[in-house]
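Take a look at the structure below.
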Amino acid sequence: MSAAQSTVDPSEVAKFEAMSAEWWDPTGKFKPLHMMNPVRLDYITRKIAETFGRDLRGDKPFEGLRLLDIGCGGGLLSEPMARLGATVVGADAAERNIPVARIHAEQSGLEIDYRFTTAEALADAGEQFDVVLNMEVVEHVASPIDYLIACRQLLKPGGLMVASTINRNPKSYMMAIFGAERVMRWLPVGTHEWHKFITPDELTDLIAQAGLTVTNTSGFVFNPLSWSWSISDSDLSVNYVTASVKPA
């Protein structure tokens, strides 16, 4: 199976390019990601540590690991991964995101290799990584299976992919589209398309078809009373995340 075919959806790229200047504004259009980021980082760091036998109490526990943050946006995940010692490549198909990410990394004193490129182009170039972060991207691509095949090609044997997305059901429509876009105005109307959302069973099947083995699925759950996010082993009703490995 080849990754030569691009899975980039130009209309989806345009949505995020239009918001590129706001990536690091915690009260702007990416407020939901800023709010969710602590639980995303908690999950990601624990899964990397478990997979590669790293001690998170160390100064730079991910030193020696090469990590790809595909769909990196402004670098909300790339930067903490670099701080933890990983060698980070941040890639995005939205060209305007890259200078925003580069400038913020420079201001933060971090060395991150940001590139305007795609998963398919990186795979075709023979790039290899210990970890691929694939967070909130798969629901925006033209062909999820081809995109996931490219992600698998990018992993070294024994490598880890962490992928998150949004479930497709009435609750996810009410919360992720009606609530976040129309009621709370956290995101511009049209940022998400409900028919592109992917159920956990569908994603697990796609990941298996791509040649990876799912080792964990958990939910990211928003509590409107405490106005906070948490990780759940059972509630996958809206936002959820998977960890999968490439067979050694």
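The values are calculated or read from the model by the stated rules, or taken from the named source; none is laboratory data. Keep in mind that what you see is a predicted model, and the values were worked out from it rather than measured. Cβ sites come from the backbone with ideal geometry, for glycine too, and all protein chains shown count toward neighbours. Surface accessibility is based on the protein's heavy atoms, side chains included, excluding ligands, DNA and RNA. Shrake-Rupley method; radii C 1.70, N 1.55, O 1.52, S 1.80 Å.
For the reader, a short list of remarks on this structure follows.
- Efficiency of FRET from Cβ geometry, Asp124 and Asp201, R₀ 25 Å, rounded to 0.05: 0.25
- Where Rh is the Kirkwood radius over Cα pairs, Rg/Rh for region 47-138: 0.96
- With DNA, RNA and ligands ignored, accessible area of Arg66 (1.4 Å probe; Å², nearest 10): 60 Å²
- Of the whole protein surface, Ser234 contributes about 100 Å² of accessible area at a 1.4 Å probe radius.
- Computed label-point distance, nm, for sites Leu41 and Asp25 using a 7 Å Cα→Cβ extension: 2.2 nm
- Rounded, prolate or oblate (a/c below 1.5 giving rounded, otherwise prolate when a/b exceeds b/c) for region 60-113 by Cα gyration tensor: oblate
- All aspartates and glutamates inside 13 Å of Lys156 as judged from Cα atoms, apart from same-chain residues fewer than 8 positions distant: Glu127, Asp130
- Shape class for the chain, computed from the alpha carbon gyration tensor (a ≥ b ≥ c): rounded, with a/c under 1.5.
- Residue order for Tyr43, Tyr173 - accessible surface, 1.4 angstrom probe, largest first: Tyr173, Tyr43
- Antiparallel content of DSSP bridges confined to the chain, in %, to 5: 50 percent
- Remark: the chain carries a charge dipole of roughly 400 debye about the Cα centre, counting +1 on each Lys and Arg Cβ and -1 on each Asp and Glu Cβ.
- Accessible surface of region 41-171, 1.4 Å probe, proportion on carbon and sulfur as whole %: 48 percent
- Shape of region 24-66, Cα gyration tensor, a/c cut at 1.5: prolate
- The residues neighbouring Gly90, those whose beta-carbon lies less than 11 Å from its own, together hold a net charge of -2 under the Lys/Arg +1, Asp/Glu -1 convention.
- Each residue of region 105-166 gets 116 Å³ once the volume of the Cα convex hull is shared out per residue.
- Helical runs assigned H by DSSP (4 residues or longer) give the chain a calculated mean residue ellipticity at 222 nm of -9000 deg cm²/dmol, each run adding -39500 (n - 2.57) before division by the residue total.
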